[in-house]
Structures are given as structure tokens and as C-alpha cells.
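Here the structure is laid out as C-alpha cells; the discussion comes afterwards.
The values are calculated or read from the model by the stated rules, or taken from the named source; none is laboratory data. Everything numeric in this text was worked out from a predicted model, so none of it was measured. Note: ideal-geometry Cβ built from the backbone for every residue, glycine included; neighbour counts use all protein chains shown. Ligands, DNA and RNA are stripped out before the accessible areas are found, and what is left, the full protein with its side chains, is counted by its heavy atoms. Shrake-Rupley method; radii C 1.70, N 1.55, O 1.52, S 1.80 Å.
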Amino acid sequence: MATRIFIRDGYDSGCAGYCLYYACNNGTLRVDWCGFASAEVTGVKPGEAYIVTQDDDNLTLNISPLKLPRRDDDLLMWLLGFGKEQRTHRYKDYAELRQRRLPWELRYYGPNILDERDGAECLISGKGYSFDFLVWEGKFIRVAAYIGRNCRVDKDFVKKIINERQTRLSSIALPFPRVFIQKVLHDRFGLAADEIEIYQE
């Protein structure tokens, strides 16, 4: 078992999974599983995220901070919901990945079929980067993402990408809670909360 817990405020609590309950009170995060195991950590702040794991004996819980991608380009792609298998740093790999991950009907018939299937593709791209999102048969798909090694991932770039994504896909929430995203963007890139558009949780 590996469960993520996002701390939204100083007095947060809830159910994080099957029989896994958490409560954050005055900087202390306590996690209980089915009344059999519990663990706690102190020094917890709003906007942080933790991973709860369970040992093989099922009686020991471990809480550790969620590890973020080390590279800034990987972090941005990850915040937009692209997992390791969906992101790359070479355009050639991105083109192959995109072709492989698009639905076969779209690859075969081309973009005109999107209208027939009530679908839409959202491509945010520029020199040295591309983020490909797709709405297909009622499902939201993160197709592929690419940020080249020569692309400068700084405060202005991150602000531009996040705001464009939010403007063009405003009805689809980002994959993490607002307070977590705002903290990560502030800590890593120096972005203030009012510089970015995050419409919903």
C-alpha cells in the first residue's frame, strides 16, 4: 500500500483510502489503519504532501514526505499530470510516444474524427516544448509531454504554461489540490498564488 495525503490546511482530516484515516492538528499528522496500526509525524504544514506505506506485516505504517521530480522540466510535466511514461526530453521520442498513445481511430482517420466522437485535442506547444491533452469519448487523456533540454524552465515559462493550460482546459481540474500546487510553484519557482490560475481543486 502506498497512499498520498495532501495537507490542505492546519486542521485537515479525512479518509485517504480503504480504512485509512488521517488527521492533521496543529502541525501533527496522524494516520490510522483499521484500528490496527497508526503513525504520526510532526512539523506538518499546509500545502505539503506525504506518502503512507504499510509494511508486510500490515501492522506498521510509515509516513514520509512525497518526493518531487528533481529536474524543473520533469516537475512541471508531473504537475500537469504526465507520468514518467508520458513525458520525454527529445522531440523524436515525443512524436513516437504521441503516435503510440493516441486512439487508433484518431491515428487512422485524422483529427476530423474528433468532431464525430465529440472529442477535442488541446495542444500547448512552442519552440522546444509540447503538451498534448485529449478529450476522447468522454474521457480526459494526457497523451504526451515534451520539454527539450535547451528549453529554459524558469518562473515566466512555468507561469505561461500553467495559465494557458488552465485557460484552455478550465473545466478539467489539475491532478493535485490547489494549495499543494501553489506551494510547489512558490518553493521551486518563486511564483506567488495570485500569479497563476487554478480554478478548482
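Candidate cross-link partners of LYS155 among the lysines, defined by an alpha-carbon separation under 29 Å and a same-chain spacing of 8 or more, comprise LYS45, LYS67, LYS84, LYS92, LYS127, LYS183. For the chain, the longest principal axis of the alpha carbon atoms and the long axis of helix 155-168 meet at an angle near 80°.
When the P(r) of the chain is calculated, the portion above 22 Å amounts to 56% of the C-alpha pairs.
Taken as Cα centroids, region 124-169 and region 43-71 sit 28 Å apart, rounded to the nearest whole angstrom.
For a straight C-alpha distance cut-off of 14 angstrom, the aspartates and glutamates reachable from LYS159 (same-chain residues fewer than eight places away being disregarded) are ASP72, ASP73, ASP187, ASP194, GLU195, GLU197.
Each stretch of four or more DSSP H residues adds -39500 (n - 2.57); spread over every residue of the chain, this sum gives -8000 deg cm²/dmol at 222 nm. Taken over region 142-201, the percentage of Cα pairs per 5 Å bin, counting from 0 up to the bin with the maximum distance, is 4, 18, 26, 27, 19, 6, 1. Rolling a 1.4 Å probe across the protein heavy atoms gives the chain an accessible surface of 55 Å² per residue. Shown in residue order for region 33-45 are the 3J(HN,Hα) couplings computed by the Karplus curve 6.51 cos²θ - 1.76 cosθ + 1.60 at θ = phi - 60°: 10, 6, x, 9, 9, 8, 7, 8, 9, 10, x, 7, 10 Hz (x for Gly and Pro). Seen against the Cα atoms of the chain and their longest principal axis, helix 91-101 is set at about 80 degrees. Sequence-ordered 3J(HN,Hα) estimates for region 68-85 from the Karplus curve with 6.51, -1.76 and 1.60 and θ = phi - 60° stand at 8, x, 6, 7, 5, 5, 5, 4, 4, 4, 5, 4, 7, x, 8, x, 3, 6 Hz, glycine and proline given as x. Taking the C-alpha atoms only, the angle from helix 178-189 to the longest principal axis of the chain is near 80 degrees.
For region 1-73, the fraction of C-alpha pairs more than 18 angstrom apart is 34%. For the chain, the Cys residues with no second cysteine's beta carbon closer than 4.7 Å are CYS15, CYS24, CYS122, CYS151.
When only Cα pairs below 8 angstrom with a gap of at least 6 residues are kept, the chain shows a relative contact order of 17 percent.
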